[in-house]
Structure formats: structure tokens, C-alpha cells
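Read through the structure below, which is laid out as C-alpha cells, and then see the notes.
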Amino acid sequence: MRSVIVIGGGISGLAAAWQLRGRADVTVLESDPRIGGKLRTSSVAGIPVDEGAESIMALRPEAVELAQEVGLGADLCDPSSAPTTVWTHSALRPMPRGHVMGIPTEPRTLAGTGLLSDEGLERLCREEELPATPLTGDVSVAGYLAERIGQEAVDHLVEPMLGGVYAGRADRLSLRSSMPRLAAVAEQGGSIIAALRRVRAAGAPKASPVQGVRGGTGRLPMAVAEASGARILTSTRARDLQRTPAGKWRVLAVTGDGPLVMEADAVILALPAYAAGELLRGHAPAADEELSAIVHASTAVVTMAFNRAQAPVLPDGNGFLVPAVDGHTIKAASFLSNKWGWLAESSPDMFVLRASIGRAGEEAQLDAPDRHLIRTAVSELHLAAGRMGEPVAARVTRWTRGLPQYGVGHADRVSRIRESVGKLPGVELCGASYEGVGVAACVATGRAAARRLAE
Ligand SMILES: Cc1cc2nc3c(=O)[nH]c(=O)nc-3n(C[C@H](O)[C@H](O)[C@H](O)COP(=O)(O)OP(=O)(O)OC[C@H]3O[C@@H](n4cnc5c(N)ncnc54)[C@H](O)[C@@H]3O)c2cc1C
């Protein structure tokens with residue numbers, strides 16, 4: 001049996017290890033004391049709450065299928081069906097149902113929501129009459145969309161979604177890589193609103209586009225690791241990669257007990273791009289340069305628990321997104337106790353929510369100490385959703401360089417990286433930095449990397 005070292009014990013690396021089960025002798029090296037990467041559940045006021053990803057995409061199958069295959073099928077659950085709201089013009093305003101990444105498929109239903117001014121709404125509604133906007137090569141999301149739906153709709157509808165998913169900005173993120181569904185529609189020419197409406201009408205009705213895991217999405221990597229049968233070494237950071245004269249790959253790692261040297265027939269780098277670049281420096285300098293050029297945004301997640309009996313008001317709905325143009329510090333809030341039935345059932349006396357801070361380019365906000373971030377989150381939540389009192393417990397999780405930014409030209413950059421790494425026999429790359437940041441996309445890249453090796 002061939003040996004494989006997977007470097008990085010996030011969901012991408014674990015999905016790769018799982019894919020290789022029974023076919024290779026797999027060891028996973030993870031620098032943190034625990035596996036899971038951005039999927040991590042821990043306790044706030046005794047309640048299990050996700051620190052990173054809290055849901056998995058159900059519109060594409062990979063993560064849901066993996067959860068089912070590793071025994072979590074019965075624990076998958078839908079969030080409450082409350083609409084997404086946007087905190088703007090001093091109120092929480094519901095997005096119309098049927099939007100695709102913020103683009104309404106029935107723009108007239110925005111009337112009366114206060115999300116857009118009358119002029120902004122009129123401009124949006126004119127999209128269906130506009131001539132086609134030619135799309136040659138990659139452009140920024142705002143570069144394309146402002147021409148179609150108007151800048152105000154980009155700022156108040158699309159950018160809040162991008163802030164929530166990528167912690168990114170519409171004028172920098174690539175249309176093709178950040179909104180591939182929209183890019184596909186845009187390439188056909190004509191009205192994107194009409195095209196998205198047709199796509200929605202033709203698609204199978206889904207109960208919910210996302211699902212969670214009872215007890216926390218952080219359970220997923222644990223279950224995958226166990227089902228993979230791989231050897232998992234935590235607190236083990238790979239610091240160098242060498243090719244042996246016999247054609248194997250040698251990994252030099254640092255552990256709490258000192259250095260560790262391992263050899264294998266193949267390695268899978270399931271790491272953020274910049275970390276993969278460091279290991280590839282001596283082997284694929286061109287790839288290293290491209291990998292290092294992928295910007296990663298930092299964010300912080302402030303999780304808070306309120307005692308229901310002491311809270312003067314508690315918010316309705318699942319949470320809200322915040323347009324960057326409104327100048328607030330928090331970019332999104334998720335009312336977890338409303339959103340996830342299992343959480344409300346398991347802790348009926350408490351109300352748990354989380355607020356996120358930090359978009360690409362706003363890293364300076366995160367220099368503040370934890371208590372300052374908590375204070376800011378509480379005061380903005382009071383402004384947005386009502387004076388809900390003070391939390392009885394709060395936790396700040398910092399995700400430094402946690403979210404890759406797919407800038408204009410990202411897909412071409414990834415092709416060049418894959419071409420360069422493809423020349424190294426027995427080396428594969430996977431992870432959030434390449435073909436999608438969501439958990440489902442990460443599972444897909446991990447499994448694809450393992451399949452390529454197996455072939
Ligand atoms: C706050 C936040 C919320 C999110 N919410 C959602 C959501 O709700 N739904 C969704 O689909 N996606 C969400 N995402 C995105 C998604 O969680 C991540 O993109 C995905 O989990 C990344 O998985 P990965 O395995 O590619 O990378 P990571 O999770 O980053 O795993 C890489 C691992 O490699 C380890 N590592 C790094 N260097 C080394 C080294 N030298 N040696 C050994 N190990 C190393 C790291 O410690 C890490 O554990 C969210 C992300 C963040 C930050």
C-alpha cells in the first residue's frame with residue numbers, strides 16, 4: 001500500500017484522507033492542538049457554539065453527502081426559514097425571497113422594504129431592459145454588476161452577502177471565482193435578473209440552501225477523521241518538504257516533543273495558499289510566488305450568550321448583514337438561538353448570537369483587544385436589533401488570514417499554480433484558497449486531490 005502524508009487537518013485535508021481510506025496508508029499532520037481548522041465547536045456559557053463555519057451548503061451535494069457517509073446524516077438540520085435581513089438606514093430590512101447572492105429575481109418586491117431609495121429601485125428594475133453587457137475575461141463583481149443593477153443595489157444587496165461569505169469587497173473580488181453562477185449567466189448576455197429567475201424556476205425546490213449539524217458543524221471534521229482511519233498527528237507543524245533520492249517526499253515537522261521526520265510516496269498540501277507556498281518554495285518557485293499573491297482577509301467572531309430572563313428584548317429572525325458603505329464595525333450577525341432549533345432546545349434559558357468583524361482591508365479594526373471588540377459588537381447590536389442587555393458570557397475567536405480573497409484573475413492564477421505543482425510527482429494541493437471557500441467546495445477539492453493521487 002502507498003503512503004500519503006496530508007499536511008493540514010482542516011476539512012479539505014480530512015476529506016482527502018477519507019477519500020484514500022483503505023487505499024493508502026495516510027497520516028494527517030495538523031499544527032493546531034485539534035483538527036478541524038475553521039470548523040470548530042466549543043462552549044460558551046456551557047453551550048456548544050461554532051467558532052468558524054456554522055453551516056454547510058446544501059445546494060451542492062459534497063458536504064452533505066460526506067456528513068451522511070460518516071454517520072452524521074440524522075443530525076443534519078435546516079435553519080429556521082426567516083429571510084435574510086440587512087441592517088441599513090437604521091433598521092433591519094428583509095431581503096426579498098428568491099435572491100441569488102443578493103440579486104433579487106423579483107426586484108419589484110423590494111418596494112417598501114427601505115433597502116433601496118426610489119431611484120436605486122428604479123435603476124435596478126431597468127436591468128431587464130438594458131442591452132447585454134459584454135463580458136470578456138474576468139472583472140470585479142462591482143465592475144460588472146454596477147453597470148447592470150446600479151451601484152446602490154451592489155452596495156446594499158450584493159456587497160453585504162460578499163462581506164458575509166468572503167469578508168471581501170465587491171470592487172476587488174472576481175466575478176468568475178466569487179460568483180461563478182452569476183458569471184455563467186453573465187456570459188450568456190442579456191438580463192441577469194431574467195436569467196437568474198429562469199435558473200431558479202428550473203431548479204429543484206430545496207428546503208434550505210444550507211444545513212447545520214446538531215451539536216455544531218465542528219462535529220463534521222471529527223467524524224470524517226474517525227471514519228478515514230488515518231493516523232492523525234496534532235500539534236505537528238510541517239516546516240519543510242524535501243525530495244529523497246529514492247523519489248519519496250520527506251516532511252520535516254515540529255512537534256511539542258521536538259522535531260519529527262517522515263517519508264511518504266505522496267503529499268497532499270491541504271493548507272492556506274501562503275502556507276502551501278512556503279513548503280513548495282524550493283520545488284516550484286513559480287507556484288510559490290502565485291500562492292503568496294493570494295490575499296487572505298482576517299476576521300473575528302464575537303459569540304455572546306444572553307440570559308433570556310434578564311434580557312429586556314431579544315431579536316427576531318436569523319440575523320443580519322451590513323453594507324460596508326454604512327460604516328459600521330460589525331459586518332454580520334447570526335442569531336443562533338433563533339436560527340438553529342437544536343440550540344434553542346438544548347439551552348432554553350439562554351439566547352446565543354454571534355457577530356463578525358473585519359473585511360479585507362479593515363484589519364486595523366482587529367488590533368483592538370477582545371474586550372473592545374465585545375463592547376463594539378454589543379453597542380452595534382443594540383442599535384440594530386434593540387437593547388437586549390448585556391451578555392452573561394462572551395468569546396472572541398480571531399481568524400487571522402482566515403478567508404482567501406479571490407481577486408480578479410484568480411481562476412487563471414489557480415490554473416498556473418496547478419500546472420506548476422502538476423510537474424511535481426506525488427504532490428497535490430487542495431483547500432479553500434483555490435476553487436471555493438465554502439465547506440462543500442473544500443470537501444470537493446480534498447476528494448479530487450486524493451482521486452488524482454489514487455489514479
Ligand atoms: C469565521 C468563518 C466562518 C465561516 N463560515 C462558513 C459557513 O458558514 N459555511 C461554509 O461553507 N464555509 C464557511 N467558512 C469557510 C470555511 O469554513 C473554510 O473555508 C474551510 O473550513 C477551510 O477548510 P480548509 O481545510 O481548506 O482550511 P483550514 O480549515 O484553514 O485548514 C487548514 C489546516 O492546516 C493547518 N496548518 C496550517 N499550516 C500548517 C503546517 N505548516 N503544518 C500542519 N498544519 C498546518 C491549520 O492549522 C488548519 O487546521 C467560514 C470561514 C470562517 C473563517
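Couplings for region 82-95, taken from phi via the Karplus curve 6.51 cos²θ - 1.76 cosθ + 1.60 with θ = phi - 60°, read 4, x, 5, 10, 10, 8, 7, 6, 6, 8, 8, 10, x, 6 Hz in order; Gly and Pro are left as x. Accessible area per residue for region 296-404 is 38 Å², calculated with a 1.4 Å probe on protein heavy atoms, without ligands, DNA or RNA. Using the average count of surrounding beta-carbon atoms within 10 Å as a protection proxy, the listed peptides 31-40, 241-250, 179-188 rank, highest first, as 31-40, 179-188, 241-250.
Starting from 0.36 nm per residue, how many nanometres of slack lie between His328 and Trp342 once their C-alpha separation is accounted for?
Taking 0.36 nm per residue and subtracting the Cα distance, the gain is 2.0 nm.
The H on the amide N of Thr236, modeled in the peptide plane, is under 5 Å from the matching H of Glu30, Ser31, Asp32, each at least 5 residues off or on a different chain.
Helical runs assigned H by DSSP (4 residues or longer) give the chain a calculated mean residue ellipticity at 222 nm of -9000 deg cm²/dmol, each run adding -39500 (n - 2.57) before division by the residue total.
The charge dipole of region 296-404, taken about the Cα centre with unit charges on the Cβ atoms of Lys, Arg (+1) and Asp, Glu (-1), comes to about 140 debye, rounded to the nearest 20. Looking at the chain, the DSSP beta bridges with both ends there are about 75 percent antiparallel.
May I ask you to derive the relative contact order of the chain, considering only C-alpha pairs under 8 Å and at least 6 residues apart, and to give it as an integer percent?
Contact order relative to length: 25 percent.
Placing a label point 7 Å from the Cα of Arg231 along the Cα-to-Cβ line, the residues of region 24-58 whose backbone N sits under 17 Å from it are 24-31. Put a plus charge on the Cβ of each Lys and Arg, a minus charge on the Cβ of each Asp and Glu, and nothing anywhere else: the dipole of region 97-202 about its Cα centre is then about 460 debye.
Rounded to whole numbers, the Karplus 3J(HN,Hα) couplings from phi for region 166-180 are 10, 6, x, 10, 5, 7, 10, 6, 6, 4, 5, 8, 8, 10, x Hz, using 6.51 cos²θ - 1.76 cosθ + 1.60 with θ = phi - 60°, and x at Gly and Pro. The packing ranking, built from the mean of other Cβ atoms within 10 Å per residue, places the peptides 424-434, 268-278 in the order 268-278, 424-434, highest first. Within the shell defined by Cβ-Cβ distances under 14 Å, the residues around Pro323 carry a net charge of -3, with Lys and Arg each +1 and Asp and Glu each -1. Applying a DSSP loop filter and a limit of 11 other Cβ atoms within 10 Å to the chymotrypsin sites (Phe, Trp or Tyr not before Pro) in region 324-357 leaves nothing. Working from label points 7 Å from Cα in the Cα-to-Cβ sense, the Arg401 to Ala201 distance is 4.8 nm.
When region 1-130 is described by a simple charge dipole with +1 on each Lys and Arg Cβ and -1 on each Asp and Glu Cβ, the residue from Gly22, Ser43, Ser55 located farthest towards its positive end is Gly22.
About the Cα centre, and with charges only on the beta carbon of Lys, Arg (+1) and Asp, Glu (-1), how big is the dipole of the chain? Nearest 20 debye, please.
The dipole magnitude comes to about 760 debye.
For the pair Leu260 and Ser3, a Förster radius of 22 Å applied to the C-beta separation gives a FRET efficiency near 0.90, rounded to the nearest 0.05. Name the residue farthest towards the positive end of the dipole of the chain from the options Gly212, Gly73, Tyr144, assuming +1 on Cβ of Lys and Arg, -1 on Cβ of Asp and Glu, about the Cα centre. Checking the options against the dipole of the chain, the answer is Gly73.
Surface composition of region 97-202: carbon plus sulfur atoms hold 51% of the accessible area, using a 1.4 angstrom probe and ignoring ligands, DNA and RNA. Given R0 = 25 Å, the distance between the Cβ atoms of Glu363 and Leu383 translates into a calculated FRET efficiency of 0.60. Farthest toward the positive end of the dipole of region 202-361, out of Gly319, Gly361, Leu271, is the Cα of Gly319, where the dipole comes from beta carbon charges about the Cα centre.
Let me have the relative contact order for region 244-288, percent, based on Cα pairs under 8 Å that are six or more residues apart.
Working: 37 pairs, mean separation 11.1, N = 45.
Answer for region 244-288 is 25 percent.
Averaging the sequence gap over all C-alpha pairs within less than 8 Å and six or more residues apart, then dividing by the number of residues, gives region 97-202 a relative contact order of 34 percent. Within a Cβ distance under 12 Å of Ser191, other residues only, what is the Lys/Arg minus Asp/Glu net charge? Combined, the nearby Lys, Arg, Asp and Glu give +1.
The values are calculated or read from the model by the stated rules, or taken from the named source; none is laboratory data. Everything quoted here is computed from the prediction, not taken from an experiment. As a convention, Cβ positions derive from the backbone with ideal geometry for all residues, glycine included, and neighbour counts pool all protein chains shown. Protein only, heavy atoms only, side chains kept; ligands, DNA and RNA dropped before computing areas. Shrake-Rupley method; radii C 1.70, N 1.55, O 1.52, S 1.80 Å.
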